[in-house]
Amino acid sequence: MTTQVRAPGPALRLLSYNIRHCRGMDGCVALDRIAAVIDACRPDIVALQEVDAGRARTGGLDQARALANRVGLHDHFHAALRVGEERYGDAILTRHPSHLVRAGGLPGMPGLEPRGALWIEVSVGTHRLQVLNTHLGLRAAERSVQVAALLGPDWLGSAEARGPVVLMGDMNATPWSRAYRQLARTLTDARRIAHQRAGNATFPSRCPVLRLDHVFVGAGITVDRVMVLRDGLARNASDHRPLLAEIGLPAETRDVHGALGSPSGSAALTA
């Protein structure tokens, strides 16, 4: 009779960071400074917001590609806003094999900045982790509609949202906001799993008082730690502080001969 044992799932370091097109609190655009902040965290997956590509104000640089090259990661980019050849939006960097699942706009309101989301599947050993990055709007009604879309059939309610799920980004939503409560009904704030109740404000960077940046996780994911970077470089590189979460993917079942069984706790997330 075969005996099975439970083996811990892979551990990952996630980083969510609104980089404000690499413009620091001193007014200088310094991509190398943002790269240094990211590299110091040793992340496996990075969700970036407010990323420029081909824009005159940042020298026409593809910032997602340039940052990925500097820190040794692979990049995915989605332009929520396009004006001619200039693009602006969100990016995900990862050190693991990955592929794009979906990138698109979110519902908004006339005259307001377009918002979008980016979804990739990351392969970590036998696990397939669904990673979404977004930057929600500034108005409460706008954010609520955008969250409903993210939880709907085109995104997290899709049949493609199988297995462990992570949603990261600048939600522009405090924990007492409607948008946050909508997300918390389906996903779990990583900070709650880590039993942290204070100390995760991310905005404004020089003296953070608002917790606008979040990491939400789906069923089966464990969280060891969530922290906001507080060193001098992170304090000045952008108007947001980076948010780091250390997570564990669902445990695996192995028999006594070492054959890998099916991952546990990776039920599909549906709306």
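The values are calculated or read from the model by the stated rules, or taken from the named source; none is laboratory data. It should be emphasised that the depicted structure is a prediction, and the values quoted were computed from it without experimental measurement. Counting neighbours? That spans all protein chains shown, and the Cβs are built from the backbone with ideal geometry, glycine included. Only protein heavy atoms, including side chains, enter the accessible area calculation; ligands, DNA and RNA are left aside. Shrake-Rupley method; radii C 1.70, N 1.55, O 1.52, S 1.80 Å.
Say whether the condition of being within 16 Å of the chain's Cα centre (by Cα), open to solvent by less than 50 Å² (accessible area, probe 1.4 Å) and touching a residue at least 60 places away in the same chain (Cβ under 8 Å) is met by at least one residue in the range 61-78.
Checked the range 61-78: no residue is within 16 Å of the chain's Cα centre (by Cα), open to solvent by less than 50 Å² (accessible area, probe 1.4 Å) and touching a residue at least 60 places away in the same chain (Cβ under 8 Å).
Condition first: open to solvent by 20 Å² or more (accessible area, probe 1.4 Å), modelled with pLDDT of 95 or more and in a loop (DSSP other than H, G, I, E, B). Can you find one or more residues in the range 116-134 that meet it?
No: zero hits.
Is there any pair linking a residue in the range 170-197 that is farther than 17 Å from Gly137 by Cβ to one that is assigned to a helix (DSSP H, G or I) and not acidic (Asp, Glu), with Cβ under 7 Å and at least six apart or on different chains, and which?
Listed by first residue and then by second, the contacts come to Thr186/Leu151.
Could you please give the count of residues in the range 242-258 that are closer than 21 Å to Val226 by Cβ and modelled with pLDDT under 95?
2
Could you please find all residues in the range 210-238 being open to solvent by 30 Å² or more (accessible area, probe 1.4 Å) and not in a strand (DSSP E or B)?
The answer is Ala219, Gly220, Arg230, Asp231, Gly232, Leu233, Arg235, Asn236.
Within the range 33-60, can you find the residues that are out of contact with any Gly (no Cβ under 7 Å at 6 or more places or on another chain), surrounded by fewer than 24 Cβ atoms within 10 Å (Cβ to Cβ), assigned to a loop (DSSP other than H, G, I, E, B) and of a type outside the set (Asp, Glu)?
If the condition is that a residue be out of contact with any Gly (no Cβ under 7 Å at 6 or more places or on another chain), surrounded by fewer than 24 Cβ atoms within 10 Å (Cβ to Cβ), assigned to a loop (DSSP other than H, G, I, E, B) and of a type outside the set (Asp, Glu), then Arg42, Arg55, Gly59 are the ones that fit.
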